[in-house]
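Single-structure report; data block below.
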Amino acid sequence: MAEAPRDAQRMLQIWPTIVGVVFAAALILILYIGLADTDIPGEVLIAAAFVYLGSAALGHRAAAWPLFCATFVLIGIGIAVEPFSPFWTMIVIVAALVVYGLVRGRLQPTWGLPLQAVAMLVVIALALLVPVLPAPWGAVLVGTGLLLHAGWDVHHLRTRRVVASTMAEFCVALDTCLAVGVVVLALR
């Protein structure tokens with residue numbers, strides 16, 4: 001009988017991992033049944049970098065969850081409204097966040113806004129490269145980017161920098177599972 005409260009406590013401790021796996025499974029299912037195209041995983045990768053850069057620009061680790069919610073809404077609108085581009089919308093918001101961060105003097109520490117801005121530029125370059133690659137290599141590149149971002153998440157989870165630890169844990173699960181799913185779907 002005493003096991004049930006311990007199991008519940010354990011579930012509460014790992015909720016970010018559980019939610020990350022569920023999000024990844026939902027995205028993979030949406031891709032598999034054709035409700036969304038292969039741009040979605042790339043947009044998730046952009047969203048991941050967006051959350052980190054936004055948190056660094058705002059100077060608050062807790063800003064990660066509201067920023068994630070914003071990307072979730074943007075990607076959802078992109079699925080529902082055909083001409084809407086979550087990618088370009090996030091890029092415009094990122095530019096505004098960088099300006100805000102610079103005005104607020106967020107150049108220190110270097111692992112904050114400066115490093116997150118470089119990471120964002122790498123992710124943008126990758127996202128722009130994906131559409132010009134022949135199938136399945138674009139999806140494989142997105143999967144690789146997601147796996148690399150999962151490593152980024154692990155680092156930030158361990159150092160407790162830039163984003164809330166729950167966000168980093170959530171992203172490790174989401175990025176890893178989605179990366180595997182994207183590559184498997186692309187290679188089938």
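Restricting the search to the range 27-36, which residues are open to solvent by 50 Å² or more (accessible area, probe 1.4 Å) and in a helix (DSSP H, G or I)?
L29, Y32, I33
Is it the case that some residue within the range 37-52 is modelled with pLDDT under 95 and in a loop (DSSP other than H, G, I, E, B)?
Checked the range 37-52: at least one residue is modelled with pLDDT under 95 and in a loop (DSSP other than H, G, I, E, B).
Looking at the range 108-120 only, could you name the residues that are in a loop (DSSP other than H, G, I, E, B) and over 14 Å from L58 (Cβ atoms)?
Hits for the range 108-120 are Q108, P109, T110, W111.
Can you name the residue in the range 55-103 that is open to solvent by 30 Å² or more (accessible area, probe 1.4 Å) and small (G, A, S) and, of all such residues, is nearest to the chain's Cα centre (by Cα)?
By that ranking, first place goes to A70.
Scan the range 174-183 residue by residue and report those that are among the hydrophobic types (A, V, I, L, M, F, W, C) and either on the phi > 0 side of the Ramachandran plot or surrounded by fewer than 22 Cβ atoms within 10 Å (Cβ to Cβ) (or both).
Those that are among the hydrophobic types (A, V, I, L, M, F, W, C) and either on the phi > 0 side of the Ramachandran plot or surrounded by fewer than 22 Cβ atoms within 10 Å (Cβ to Cβ) (or both): C177, V180, V183.
Out of the range 138-167, which residues are of a type in the set (G, A, S), farther than 19 Å from L27 by Cβ and surrounded by 17 or more Cβ atoms within 10 Å (Cβ to Cβ)?
A164
Can you go through L133, L147 and tell me which one is at pLDDT 95 or above and of a type in the set (A, V, I, L, M)?
None of the other options fit; the residue is L147.
Residue check: is I91 part of a helix (DSSP H, G or I), of a type outside the set (F, W, Y) and under 21 Å from V183 (Cβ atoms)?
Answer is no for this residue.
Within the range 134-163, can you find the residues that are in contact (Cβ under 8 Å) with a residue 24 or more places away in the chain and aromatic (F, W, Y)?
W152
The values are calculated or read from the model by the stated rules, or taken from the named source; none is laboratory data. The model shown is predicted, which means the values in this text are computed figures rather than measured ones. As a convention, Cβ positions derive from the backbone with ideal geometry for all residues, glycine included, and neighbour counts pool all protein chains shown. When the accessible area is computed, the model is the full protein with side chains, heavy atoms only, and any ligands, DNA or RNA have been set aside. Shrake-Rupley method; radii C 1.70, N 1.55, O 1.52, S 1.80 Å.
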